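What follows is a short report on a single structure.
The values are calculated or read from the model by the stated rules, or taken from the named source; none is laboratory data. All values derive from a computational prediction rather than experimental measurement. For neighbour counting, all protein chains shown are included, and Cβ atoms are generated from backbone atoms with ideal geometry for every residue, glycine included.
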Amino acid sequence: MKVTLERINKAVHFRATSAEGHTVDIDGGETSDGEDKGARPMQLVLMAAGGCSSIDIHLILKKMRQKIDDLKIEIEGERVDTIPGVFKKITFHYHFKGDLNKDKVRKSIDMSLDKYCSVVKMLDHNVEIEYHFTINGEVM
């Protein structure tokens, strides 16, 4: 696996490109000489964790013959107050729509976060990971 970062401006706006040609803009805020033209690196960590988990969950529920009409994930990261400002807690809020069995949904999330999601597994030794989920708007 390989990615390349290229500087786009005279400050800290970079464009990351995967080997397949997919791009992501990365930038800082005003306090870090940025112009807010891309996601912050720590936001990308949360995005990566959510992307990894959502793919796992989709595949697991598909094998369980569950029908997902939609899945939205909100991810909150709480950082320490010291430098470096690493995450101390990450909370996933999964919002499912479809004809889904709540026990199978719970199992798919547990399997993703505890076993399959490589991004979360890199974080979970130092970060508290928790989740909540709804199905069709109902809190489970």
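Of everything in region 12-53, what is assigned to a helix (DSSP H, G or I) and charged (D, E, K, R)? Give them in sequence order.
If the condition is that a residue be assigned to a helix (DSSP H, G or I) and charged (D, E, K, R), then Glu30 is the only one that fits.
Might you let me know whether region 72-79 holds any residue that is within 17 Å of Asp110 (Cα to Cα), of a type in the set (Val, Ile, Thr) and under 16 Å from the mean Cα position of the chain (by Cα)?
yes
Determine whether region 54-74 contains at least one residue that is surrounded by 14 or more Cβ atoms within 10 Å (Cβ to Cβ), on the phi > 0 side of the Ramachandran plot and either modelled with pLDDT of 95 or more or assigned to a loop (DSSP other than H, G, I, E, B) (or both).
Checking region 54-74: not a single residue is surrounded by 14 or more Cβ atoms within 10 Å (Cβ to Cβ), on the phi > 0 side of the Ramachandran plot and either modelled with pLDDT of 95 or more or assigned to a loop (DSSP other than H, G, I, E, B) (or both).
Surrounded by 12 or more Cβ atoms within 10 Å (Cβ to Cβ) and either assigned by TED's automatic domain parsing to the domain that holds Met64 or modelled with pLDDT of 95 or more (or both), is that true of His95? Break it down into steps so the answer makes sense when it comes.
Values: surrounded by 12 or more Cβ atoms within 10 Å (Cβ to Cβ): yes; either assigned by TED's automatic domain parsing to the domain that holds Met64 or modelled with pLDDT of 95 or more (or both): yes.
Yes, satisfied.
Name the single residue that is surrounded by the fewest Cβ atoms within 10 Å (Cβ to Cβ) among those in region 75-91 being in contact (Cβ under 8 Å) with a residue 24 or more places away in the chain and not in a strand (DSSP E or B).
Gly85
Scan region 5-23 for residues that are modelled with pLDDT of 95 or more and surrounded by fewer than 16 Cβ atoms within 10 Å (Cβ to Cβ) and jot them down.
Hits for region 5-23 are Leu5, Glu6, Arg7, Thr17, Ser18, Ala19, Glu20, Gly21, His22, Thr23.
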